[in-house]
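The values are calculated or read from the model by the stated rules, or taken from the named source; none is laboratory data. Here the structure is a predicted model, which is why all the values come from computation and not from measurement. Note that each Cβ is placed from the backbone with ideal geometry, even for glycine, and that neighbours are counted across all protein chains shown. Heads up: the accessible areas ignore ligands, DNA and RNA and are worked out on the full protein's heavy atoms, side chains in. Shrake-Rupley method; radii C 1.70, N 1.55, O 1.52, S 1.80 Å.
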Amino acid sequence: MDSQHGMWSSRTVFVLAAAGSAVGLGNIWRFPYVAGENGGGAFVLVYLACIFLIGIPIMASEILIGRAGRQSPINSVRTLSAGSGANPLWQAVGWMGALAGFMILSFYAVIAGWVLSYVLQLGAGTYNGADAEFASNAFSDFIGNVWSVVGCYTVFMALTIFITARGVGRGLEVAVKYLMPTLFFLLIVLVIYAAVTSGHFMEGIAFLFSFDVEKLTWNSVLIAMGQAFFTLSLGMGAIMAYGAYMPKDVSIIGTATTVALMDTAVALMSGLIIFPLVFANGLESSGGPGLMFITLPLAFGQMSGGQFFGCVFFILVTFAAITSAISLVEPAVAWIVERMKVSRVSAALIVGGFVWILGLGSAFSSNIWADVYIVGNMTFLDTMDYVSNNIILPLGGILIALFAGWVVDKKIRDEQMAADLLYYPVWQVLTRFVAPIAVSIVFLMTFLNG
Ligand code: TRP
């Protein structure tokens, strides 16, 4: 059976699409700054453990559910639970996911808008020869201007909706096939640059990899876990939606592992670029969301040819963000197409319109609403980010694991895992027990510790 929305033409295309979804701002922007805020080493280790013990099994679960259902996540879960004689309430997983996708995209697109403006700023040579102070001031000035932030945000949303409306197959496939390898290559160049010129490369490595348990709190464990979900695009049905277009007979666990390894490589490389530059320029490792926007322009400003490479680099990050953003709307778009029998174009516009309005709150969070706190000392943007990544995604992840591991009919599961005989039992243990229990413990401990 094929999906009505189209199919990926091969395993490679699925890997590219899933990697396109996974690799994005989560790796280049978010990973270094949350690792910095949470003290580095120990945080990174917990993050890596979450990727392998929780992330990969849940990614495989999402692919399995999607490929067995061949529809939007909401309808795939519905069909499978009906077919397995389970409670129809399982559908809630799909609904919760669509909601999380809206919330995440709404702030994600705002940050991607910042990236877009850096394409122009670097291209114009704004940072040539700049020092750390200039770079941090330029960043605060930019995000403090409501018009530029909303403008860039709107352009990014429009690009995302445009590509989504065209259909996943053609638009996306081309983008990931050429742009991802280029991005990877430029990241390697930057790692070498940081290693050779910063003079603080070892310090960067030590910060990322030295295990200092003292710095670890349950809240930072929760954040490491949330980051693992976020960076692999898990817990809301994005990979499930993509799994629906995956050819049958392809190994699910092998594919999920490949995608996770690629994603992890990009995150670690970003850390190896950003931290040496942070230490070399006397910046704070806990500098928050601005970290990438200050360190990278600085580095490019000092590099020969930096104006060109800097501009190209931010263009590539923009594309990495678009291929991720598309996967955030795909579950909702596919569902609207199935349910309301409208075209992809209308579905994409409907979703885009809702998300755009919601995202204004995040666009305002660094300027006219900078002093508006929703929970504790979190702005609107911080709240969207915290709640979706650290609560909704892990919760969605537990439910997805339980659903794939226990609820889906054994016959369907065996059939989907036919190409994974070797690791099937390992997956089963991780999905049925390890992942749900680990996520629950982290939730409970964070909650108990306030
Ligand atoms: N993984 C992407 C990134 O790291 C963001 C993303 C895309 C995402 N789709 C998702 C996050 C679905 C959570 C759920 O930039």
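When the pairs Lys341/Lys410; Lys248/Lys410; Lys177/Lys411 are compared against a 27 Å limit on Cα-Cα distance, Lys341/Lys410; Lys177/Lys411 fall above it.
Can you give me the angle between helix 56-69 and the longest principal axis of the chain, using Cα atoms only, in degrees from 0 to 90, rounded to the nearest 10? Between the helix axis and the principal axis of the chain, the angle is about 50 degrees. Accessible area per residue (1.4 Å probe, heavy atoms of protein chains only) ranks Arg67, Arg166, Arg432 as Arg166, Arg432, Arg67, with the largest value leading. Its DSSP H runs of at least 4 residues, each contributing -39,500 (n - 2.57), put the calculated 222 nm mean residue ellipticity of the chain at -23500 deg cm²/dmol, to the nearest 500. With a cut-off of 13 Å between beta carbons, the residues surrounding Gly288 carry a summed charge of -3, where Lys and Arg count +1 and Asp and Glu -1. The accessible area of His200, taken with all protein chains in place and a 1.4 Å probe, comes to roughly 60 Å². Can you tell me the 0 to 90 degree angle between the C-alpha axis of helix 168-197 and the longest principal axis of the chain, rounded to 10? Value to nearest ten degrees: 40. Quick check: from the Cα gyration tensor, does segment 122-205 come out rounded (a/c under 1.5), prolate or oblate? Oblate, because a/c is 1.5 or more while a/b does not exceed b/c. Taking a ≥ b ≥ c as the square roots of the eigenvalues of the Cα gyration tensor, the chain is prolate, since a/c reaches 1.5 or more and a/b is larger than b/c. Against the criterion of solvent-accessible heavy-atom surface with a 1.4 angstrom probe, Lys248, Lys215 sort, most first, into Lys248, Lys215. Rolling a 1.4 Å probe across all protein chains gives Phe134 an accessible area of roughly 90 Å². The order of Asp141, Asp414, Asp420 by accessible area, most exposed first and with a 1.4 Å probe, is Asp141, Asp414, Asp420. Its relative contact order, with pairs defined as Cα atoms under 8 Å and 6+ residues apart, puts the chain at 37 percent.
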